[in-house]
Amino acid sequence: MTVAAGAGAGDAKPPIAGRDVFSGKRVALSQYRGKPVFVNVWGSWCEGCNTEARTLAAFARAHERQVAFIGIDTIDTRQGARAFYKRYDTDYPSIWDPRGLLSGRWARGVPSTLVFDRKHRLVTTLEGATTKAQLTAALRRVTRR
């Protein structure tokens with residue numbers, strides 16, 4: 001499935017944008033023009049999210065020149081989010097989505113990782129706890145010229 005993020009008449013999905021759960025600053029997919037973006041939908045309460053968290057954090061750091069990472073923290077508390085980020089040494093921004101309104105429009109479940117190319121077209125969705133191999137394969141797909 002290839003859909004432009006927040007685009008067009010037939011696309012009922014809202015733009016991936018909101019306030020960072022920690023800083024309150026605006027975070028949006030559109031801030032990363034010309035760069036592929038991985039958007040991870042997570043919650044501190046989610047078992048699969050806890051399983052994949054270290055892998056995602058390490059992968060995001062290792063590939064920060066090639067791809068941007070954004071989280072969507074869904075149906076969570078700020079306290080839970082802070083503890084999660086500290087526990088897993090995560091440092092990319094996360095959109096605060098306490099009622100699951102944004103995540104519910106973009107993901108079928110939690111965890112999910114939405115992978116967008118340089119033009120911010122959705123290339124693939126990795127459902128469930130992701131592995132380094134899955135992330136590497138997705139990175140290859142969106143960094144091909």
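Filtered by the rule that a residue be small (Gly, Ala, Ser), in contact with a strand residue (DSSP E or B) (Cβ under 8 Å, 6 or more places away or on another chain) and over 19 Å from Phe116 (Cα atoms), the range 45-93 gives Ala53, Ala81. Among the residues making up the range 1-20, a single one is buried (at least 21 other Cβ atoms within 10 Å of the Cβ) and modelled with pLDDT under 95: Ala5. On the given criteria, is Asp73 within 16 Å of Val142 (Cβ to Cβ) and among the acidic types (Asp, Glu)? For Asp73, the condition - within 16 Å of Val142 (Cβ to Cβ) and among the acidic types (Asp, Glu) - is not met. Here Gln134 does not qualify as in contact with a Leu (Cβ under 8 Å, 6 or more places away or on another chain), exposed (fewer than 14 other Cβ atoms within 10 Å of the Cβ) and either over 19 Å from Arg19 (Cβ atoms) or of a type in the set (Ser, Thr, Tyr) (or both). Count of the range 113-145 residues, restricted to those that are farther than 17 Å from Glu64 by Cα, assigned to a loop (DSSP other than H, G, I, E, B) and in contact (Cβ under 8 Å) with a residue 12 or more places away in the chain, is 5.
The values are calculated or read from the model by the stated rules, or taken from the named source; none is laboratory data. Quantities reported herein were computed from a predicted structural model and do not represent experimental measurements. Please note: Cβ atoms are built from the backbone with ideal geometry, for glycine as well, and neighbour counts cover all protein chains shown.
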